[in-house]
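The values are calculated or read from the model by the stated rules, or taken from the named source; none is laboratory data. Note that the structure is predicted; figures quoted are calculated from it, not measured. Here the Cβ is made from the backbone with ideal geometry for all residues, glycine too, and neighbour counts use every protein chain on show.
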Amino acid sequence: MASCRRFFTLLGAAAMAAAIGPARLLAEPKPDHAAASPAKGTEAGPAGALAVAEQRVAQRYKHLEDVLLRMAELSAANDPRPAALLKKAVAQSKDQLIAVRLDRLVDLLGKDQLSHALENQTEVNQDLRALLELLMSENRAKHIASERSRIREYLKLLNGLIKQQKDIQGRTAGGDDLKQLAGQQGKVAKKTVELARDIRKNEEHKAEGGGQPAEGAKKEGKPDGQGGPPPQTPAESPPSKRLETARQRMEQAAAKLSAAQRQGADRQQEEAIRELQLAKAELEKILRQLREEEIGRMLAMLEARFRQMLQMQEEIYEGTVRLDKVPPAERTHNHEIESSRLSGKESQILVELDKALVLLRDDGSAVAFLEAAQQMREDVGQIVERLAQAKVGRLTQNSEEDVLAALKEMVEALKKAQKDLDNKKQSGAVPMTGRPEDPPLVDLLAELKMIRALQMRVNTRTARYAKLIAGEQADNVEIVEALGRLGQRQERIHRITHDLQIGKNQ
């Protein structure tokens, strides 16, 4: 990923250059225009000098886009994941017209339009930083997934040790053969110290920035069974310390079992179990923190995606209303072309929804949010078809209004979920739903609120369709089909409500 690291450096430099120029100029005292001899837009004046500097940034950025795309093509066969990441970043850059907007900044600075330049600079700077966050968040997401998998494996081994230790303690109190128990106790102690060393080495590896384990990790201390923990290092984690203490208690228990001191062995075994459970609590805390970081990133990505869809849908809705204002008798082929163009833009929302659905399905803990996104996708699909047929009347507009309402609800819900997550982190509260070390994407209250919003939308749409039905039975084919889809939605809302009740999402 050397190419990505170089991209971070160059992109960060571009963001800084774009940010500093106009802001620095506005902070400087304005020169007396009557006394200023250089003409505006020339290198002799401050705005002109910044225009020249901004032009260099724009040129370097265009070159950077070309180089990154070429690097992605060359590395696609041997290293597909980084190549896909680079292509995604370049595509996002093209979609947001960053290079074009950098040229616009040059033009504004050259014309001494500093206020407009500052506004444009802020937007460009945000988009450049978004590109950085895109690349770094994907790398960090992979790291989080790896760490969570590692911690889960540690917990699995630790749970096994707790079970074995409790079994030995129970048989110690129950009067089993002490010599046999002493041997089994020694084996559990050996497994415990092995797990402690593995955890410690991993923590030292992270402390070294992902390089080789620290030197202290190679000093294993005395051989197993001779007493005394191996030397501890500053990078040693609380779980490994707890495990080292548990190992000492186990070895002391083994010694007492060998000496036929059943009661003394039982006390040491009790302490060993306590230390193992404390180590488990520490690992669960680490796992919960990793999950919270993962949730924060996912919520931010989802909010940005749904916010983008909201902006797109608002533009399409305005276009649909504008076309519908044209009397049918006055509509031309251009009207159909424009409606088809709107259909194409609506299909882009489908693409974004599919990406959001992948995230929600992979997570699997936000069933109501997933259902809301699926219903949105169905509505958007209907809008795409209707606009492609130049149907811009009330049915299409109503569907677009429903999608707009759903997108606004989703954005607000995701914003609140992020705020709630921040509050939980600050207070140290443990989520009330899901396992303590693996909280859901959103809490139960947020899910219930989303279900309520889905039900209200079904109720509103039912009332709307009722007004379109002349008699007791619908005879319009479109209305009949819409009612059928509405009935299916009602069933799905009932199902996800039941799933939440029984904790199926956990």
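Numbers below:
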| quantity | calculated |
| --- | --- |
| Any hit, region 389-412, residues being of a type in the set (A, V, I, L, M, F, W, C), over 27 Å from A300 (Cα atoms) and in a helix (DSSP H, G or I) | yes |
| Matching residues in region 299-326 - criterion: being assigned to a helix (DSSP H, G or I), of a type in the set (A, V, I, L, M, F, W, C) and modelled with pLDDT of 90 or more | L299, L302, F306, M309, L310, M312, I316, V321, L323 |
| Subset of region 298-347 (residues that are charged (D, E, K, R), over 18 Å from M376 (Cβ atoms) and surrounded by fewer than 13 Cβ atoms within 10 Å (Cβ to Cβ)) | E318, R322, K325, E330 |
| Enumeration of residues in region 356-388 that are part of a helix (DSSP H, G or I) and of a type in the set (G, A, S) | A356, A368, A372, A373, G381, A388 |
| Any hit, region 239-262, residues being surrounded by fewer than 21 Cβ atoms within 10 Å (Cβ to Cβ), at pLDDT below 90 and under 30 Å from D177 (Cβ atoms) | no |
| Close pairs from region 60-84: first not assigned by TED's automatic domain parsing to the domain that holds R101, partner modelled with pLDDT under 70 and among the hydrophobic types (A, V, I, L, M, F, W, C), Cβ under 6 Å, at least 6 apart | none |
| Residue match in region 143-152 (condition: exposed (fewer than 15 other Cβ atoms within 10 Å of the Cβ), more than 30 Å from R249 (Cα to Cα) and of a type outside the set (A, V, I, L, M, F, W, C)) | yes |
| Given (1) over 30 Å from L178 (Cβ atoms); (2) assigned to a helix (DSSP H, G or I), index of the condition R274 fails | (1) |
